[in-house]
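*Asks:* The structure under discussion is supplied below as structure tokens; questions concerning it will follow.
The values are calculated or read from the model by the stated rules, or taken from the named source; none is laboratory data. All values reported here derive from a predicted model rather than from experimental measurement. Don't worry about glycine lacking a Cβ; one is built from the backbone with ideal geometry, like all the others, and counts go over all protein chains shown. Remember, those area values only see protein heavy atoms, side chains included, never the ligands or the DNA or RNA. Shrake-Rupley method; radii C 1.70, N 1.55, O 1.52, S 1.80 Å.
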Amino acid sequence: RTFAMGPASGGSVSDEMLEKLGSLSTQALVDGLWVMGWPSAQIDGARPLAKGMKCVGRAVTLNFVPARPDIAQDKPAGGESPEYEAFEKCGPNEVLVMSSVGPWESVGGDIKFLRLKQLNLGGLVTDGSVRDTDEIINYGFPCFSYSTTARQGPAAMQPWECNGIVSLSGTVVRPGDAIVGDQDGVVCVPAKVVDKVYSIAHGREQIEDIVKEELIKNPGPPGKFYPFMSGKIKVESPLGQLLASKGITPENSNQFEGTADW
């Protein structure tokens, strides 16, 4: 009998929700998942290839496996290779997530990634390295990688599976999950809980903006208001009173004690 296996994808994320997620910082999204009790969602080591790069999109995943002669023989060749299958699933609202066998191994470069430019890719994320750095930057799509390298990838690994569940630096990504990257790093928001994560993260950012505005207006130690725990803010606290003055109360926010809906 065959081994039982669940579905690779955990759900779908709408274009409208992608736009909302892209308006938030990666920090707010990490905090949102943290208060829900989910494992770390940051893809450690995936850093922007150039200053100012940001990405948001649905994950299209590609898994690499260590090189072995029989694997190289059995892998579909040429345009049928799993990496090109993954490429053709990409567009402006997709992020190609490439799971490498090591941080210094190359997942691709100039010629291969020209196709991603033609497809107007929303972003590329890998826990490996990329080569032909200047050309990739010139292609214009956001790229987040562990580093850059001159090495050839096929000597160390082969692309094996498109749109399976992958792990990047210990963070699990399922196809269809929301991927958000900025100058602080890359976060995977599971599709199954994306609405709730956005609700918490958006609420947190609203509160942080209010706290910052207050501290600029009335300079002083931030400890009076910050840090705070979503779903734990007391109405009678200095922060609770400040929020009430701005129209944020338990009636319209899930950030207060007794209002957590996760």
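*Asks:* Can you pull the percent of the chain's accessible area that's carbon plus sulfur, 1.4 Å probe, other chains left in place?
*Replies:* 51 percent
*Asks:* What ³J(HN,Hα) values, in whole Hz, does the Karplus curve 6.51 cos²θ - 1.76 cosθ + 1.60 give for the range 135-148 when θ = phi - 60°, with x put for Gly and Pro?
*Replies:* Calculated HN-Hα couplings, in order: 5, 5, 4, 5, 5, x, 7, x, 10, 10, 9, 5, 6, 10 Hz.
*Asks:* Further question on the same structure: Could you check the spin-label model distance between Ser40 and Glu19? Points 7 Å from the Cα along Cα→Cβ, value in nm.
*Replies:* Taking the two extended label points, one gets 3.4 nm.
*Asks:* Quick one: of the DSSP bridges fully inside the chain, what percent are antiparallel, nearest 5? The partial results should precede the final answer.
*Replies:* On the way: 20 of 36 bridges.
The antiparallel proportion sits near 55 percent.
*Asks:* Continuing with the same structure: Please label the shape of the range 85-186 as rounded, prolate or oblate, based on the square roots a ≥ b ≥ c of the eigenvalues of the alpha-carbon gyration tensor (a/c under 1.5 means rounded; beyond that, a/b larger than b/c means prolate, else oblate).
*Replies:* On the way: a/c = 1.26, a/b = 1.04, b/c = 1.21.
Rounded is the answer for the range 85-186, as its axis ratio a/c remains below 1.5.
*Asks:* Still on this structure, I have one more. Amide H to amide H under 5 Å from Ala50: which residues, 5+ apart in sequence or cross-chain, H placed 1.01 Å off N in plane?
*Replies:* Here the answer is Cys143, since their amide H atoms fall under 5 Å of that of Ala50.
*Asks:* Taking springs between alpha-carbon atoms closer than 10 angstrom, which of Glu135, Glu251, Glu94 fluctuates most in the Gaussian network model of the chain?
*Replies:* Glu251
*Asks:* Which one is right for this structure if volume of the Cα convex hull per residue in Å³ is calculated from it: [x] 118; [y] 159; [z] 145?
*Replies:* Evaluating volume of the Cα convex hull per residue in Å³ on these atoms matches [z].
*Asks:* Using unit Cβ charges (K, R positive; D, E negative) and no other charged atoms, how large, in debye to the nearest 20, is the dipole of the chain about its Cα centre? If you can, show how the numbers build up before the last one.
*Replies:* On the way: 24 positive and 32 negative charges, 55 e Å.
Dipole magnitude for the chain comes out near 260 debye.
*Asks:* Lys232 accessible area, nearest 10 Å², 1.4 Å probe?
*Replies:* Only protein atoms counted, so the area is about 130 Å².
*Asks:* ³J(HN,Hα) across the range 154-159 via Karplus (A = 6.51, B = -1.76, C = 1.60, θ = phi - 60°), whole Hz, x for Gly/Pro?
*Replies:* Once rounded to whole Hz, the list reads x, 5, 10, 7, 10, x.
*Asks:* Name the long-range amide H neighbours of Gly231: under 5 Å, sequence gap of 5 or more, or other chain; modelled H, no Pro or chain starts.
*Replies:* Gln255, Phe256
*Asks:* Taking the alpha-carbon centroid of each part, what is the distance from the range 124-178 to the range 23-98 in angstrom?
*Replies:* If you average the Cα positions of each part, the centres end up 7 Å apart.
*Asks:* What full-extension length gain, to one decimal in nm, is calculated for Ile71 and Asp195 as 0.36 nm per residue of separation minus the Cα-Cα distance?
*Replies:* Stretched fully, the Ile71-Asp195 segment lengthens by 40.7 nm.
*Asks:* Using 7 Å Cα-to-Cβ label points, what is the Ile137/Ser167 separation (nm, one decimal)?
*Replies:* Taking the two extended label points, one gets 3.4 nm.
*Asks:* What order do Tyr146, Tyr139, Tyr84 take when sorted by accessible area (1.4 Å probe), most exposed first?
*Replies:* Working: Tyr146 100, Tyr139 35, Tyr84 70 Å².
The ordering from most to least exposed comes out as Tyr146, Tyr84, Tyr139.
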